[in-house]
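Input: a single structure, listed below in structure tokens.
Read-outs throughout are calculated quantities, based only on the coordinates presented, and are distinct from any laboratory measurement. Note that the coordinates shown come from a computational prediction; the quantities given were computed from them, not determined experimentally. With ideal geometry, Cβ positions are generated from the backbone for all residues, glycine too; neighbour counts draw on all protein chains shown.
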Amino acid sequence: MKTLVWFRRDLRVADNPALAEAAKKGEVLPVFVMEEAEQSGETHPLGGASRWWLHHSLDALKKEMPELVLMRGSARHLIPDIAEKAGVDAIYWNRCYEPHAIERDTDIKSALKDEGLEVKSFKASLLFEPWEIETKSGGPYKVYSPFWKAAKELDVGDLVPAPEKIDFVSFDEGEDLGAFGLLPTKPNWAKGWEELWQPGEKGAMSRLDEFLKEGLKDYGSCRNRPDMPNVSRLSPSLHCGDISPRQIWAATQQRIAEDDDLSSDGMKFLSEVAWREFSYHLLYHFPKLPSENWRSTFDAYPWRESEKDLERWQKGMTGYPIVDAGMRELWQTGYMHNRVRMVAASFLVKHLRLHWSHGEEWFRDTLLDADLANNSAGWQWVAGSGADAAPYFRIFNPMTQGEKFDPEGDYIRKWVPELKDLPTRDLFAPFEADEEVLEEAGVKLGETYPEPMVEHAKARQAALDGYEAVKEEGQNAS
């Protein structure tokens, strides 16, 4: 039996059920199709940072599996075409859950079955299918805590080992990876990223092993500290499928079994993995999540429009050091610590009152881990328009957030070096420091570092005033 295995967000050999099943049944033709948005029907295309990671992840997989066929174009046309040319009997793939992917895959499955071919899809990028976890009344969960409580009771299943041996179908078509044009060139804004990251299956497993040995202890108490190493940094690997959540789950459970003292930290880490699951749960059941307010009452919120303000936020020039540190870390590394993501996102939608979609688009372009589900759910959560929002309008104070989560100022000093000589007490709000202190530190507000874009108290009040329109809309609707 000959099986075409269509790789997508599963660029690994281990815990890859589609590949394992195909290898067990006979010969395998591994294929990856590079689709641009206009070919796939995607409304939120892959950003520049994710494209950089995809290139290197594919390069790593191609080294492990030189027989991988790389093609560019519409999968709706290419998959049936390759299947016919290669004379395969079956086509297997691991499921994707984005709205455009579900529609595309349904079309392809129907066309292939009409040709008399066997078509099978498998679960590989989630612990649980979005339809597997339901409330007692039978609908989707809209709040994370009960979702996580229900998820903990379910069996995630066993890992699927990498095939011991794969017999490959001979196929002489395909393109070089460079033809995909995934890497930035003019300019190469990702210069040096190879020193920071190791995309691919080996890099992901190495990173997981290192985190479980060095970073899991105290994860529960230190994961919110951007100045400390207690985060896994596995999100880009999960996004591209260099590693599966089931592999992370199994390895973490094993680590907990080896050391009882890590139980609390381990479960807290797994609850964060489950937050990703919850985001996919929301995206599947509410496919307009990336483009429309999940809470429709937020359609009444009086957003501002300002290209100039958006650009200052993007460049990390807001005048609030913790926000600027995060935005600069993002631009320089393709990553931002999660606590700082929340603070920076809150600043955009609450202090500047710019629509969350502007932030979603910027993060999607600049984050290596920009999952459509995570990114959309996260931005809507911060805006207050999403699921699981608190019963009040949350507005982060960027000064107290800095003091609390970067108490020595190490994170700010690293990413906002023009402030590095300020005393820690003045680092979180340099605009409140005495002139002599600023002068001694070589800081000239408005010259070497910007004045704050907005005054926190006034911006907070303006955001709350805007929220009154949302509450009014809710009252009218009820």
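Couple of notes before you dig in:
- Per-residue extension of 0.36 nm, minus the Cα-Cα distance of residue 271 and residue 457, leaves a gain of 63.6 nm for this segment.
- Separation in nanometres of the label points that stand 7 Å from Cα toward Cβ, at residue 414 and residue 111: 4.7
- Nearest-20 debye value, segment 296-472 charge dipole, Cβ charges on Lys, Arg, Asp, Glu: 500
- Neighbour-count ranking [beta-carbon atoms within 10 angstrom, fewest first] of 448, 297: 448, 297
- Among 257-264, 91-98, 38-45, the order from most to least packed when residues are scored by Cβ within 10 Å on average: 91-98, 38-45, 257-264
- Inter-label distance for residue 38 and residue 162, nm, one decimal - labels placed 7 Å from Cα along Cα-to-Cβ: 3.9
- FRET E, pair residue 172, residue 209, Förster distance 30 Å, beta-carbon r, rounded to 0.05: 0.20
- Cross-link pairs exceeding 31 Å in C-alpha to C-alpha distance, out of 120/191; 63/217; 120/288; 25/152, comprise 120/191; 63/217; 25/152.
- Simple spin-label estimate for residue 404 and residue 435 in nanometres, 7 Å along Cα-Cβ: 3.5
- Charged side chains reduced to their Cβ positions (Lys and Arg at +1, Asp and Glu at -1) give the chain a dipole of some 660 debye around its Cα centre.
- Stretched out straight at 0.36 nm per residue, the stretch from residue 221 to residue 89 would grow longer than its current Cα-Cα span by 42.3 nm.
- Sequentially through segment 25-36, phi angles give Karplus couplings (6.51, -1.76, 1.60; θ = phi - 60°) of 8, x, 7, 10, 10, x, 9, 10, 10, 8, 9, 7 Hz, Gly and Pro residues having no value and appearing as x.
- Tensor-based shape of segment 435-478 (alpha-carbon gyration tensor, a/c under 1.5 rounded, otherwise prolate or oblate): prolate
- Rounded if a/c under 1.5, otherwise prolate or oblate - segment 2-124, Cα gyration tensor axes: oblate
- Difference of contour (0.36 nm per residue) and Cα-Cα distance, residue 253 to residue 67: 63.5 nm
- Near the amide H of residue 34, within less than 5 Å, lie the amide hydrogens of 71, 72, 73, all on another chain or at least 5 residues away, with H placed in the peptide plane.
- Within segment 342-379, backbone nitrogen closer than 16 Å to the virtual label 7 Å beyond the Cα of residue 305 toward Cβ: 353-359
- Derived scalar couplings ³J(HN,Hα) [segment 55-71; Karplus, 6.51 cos²θ - 1.76 cosθ + 1.60; whole Hz; x for Gly, Pro]: 4, 6, 5, 5, 4, 5, 5, 5, 6, 6, 9, x, 6, 4, 8, 9, 9
- Within the chain, helix-based [θ] at 222 nm, where runs of 4 or more DSSP H residues each add -39,500 (n - 2.57), nearest 500: -14000 deg cm²/dmol
- Cα centroid separation - segment 289-303 against segment 74-147, whole Å: 29
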